[in-house]
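Working notes for the structure below.
The values are calculated or read from the model by the stated rules, or taken from the named source; none is laboratory data. These numbers come from a predicted model, not from an experiment. Heads up, the Cβs are rebuilt from the backbone with ideal geometry, glycines too, and the neighbour counts pull from every protein chain shown.
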């Protein structure tokens with residue numbers, strides 16, 4: 001999947017669930033938006049970290065390392081070696 005194929009989440013939404021494929025896209029881009037103080041910024045980061053930990057404890061994991069601020073989260077993480085996912089084989 002290349003950047004032009006990614007549907008941009010709504011501004012201010014650092015966690016976006018794809019309704020068609022069930023994967024979740026995470027981004028750090030807007031995690032601090034709206035913070036008015038360093039205390040606010042720190043709390044926003046803690047809240048975001050809590051969301052990520054909740055995903056992990058629910059059995060989700062990164063499918064690949066985060067690249068250019070895009071992380072794809074799926075149940076169990078990456079598909080097994082040798083198994084192409086629909087995005088990779090163009091289906």
Exercise. Enumerate the pairs (first residue in the range 58-79 and at positive phi and modelled with pLDDT under 95; second residue anywhere and assigned to a loop (DSSP other than H, G, I, E, B) and loosely packed, with under 10 Cβ neighbours inside 10 Å) with beta-carbon separation below 9 Å, excluding pairs fewer than 6 apart on the same chain, so at least 6 apart or on different chains.
Key: none
Quiz prompt | Leading residue by the ranking (modelled with the highest pLDDT) among those in the range 17-28 that are closer than 23 Å to residue 46 by Cα and loosely packed, with under 14 Cβ neighbours inside 10 Å | solution = 28
Quiz item: Can you name the residue in the range 1-16 that is at pLDDT 55 or above and touching a helix residue (DSSP H, G or I) at 6+ places or on another chain (Cβ under 9 Å) and, of all such residues, is farthest from residue 69 (Cα to Cα)?
Solution: 15
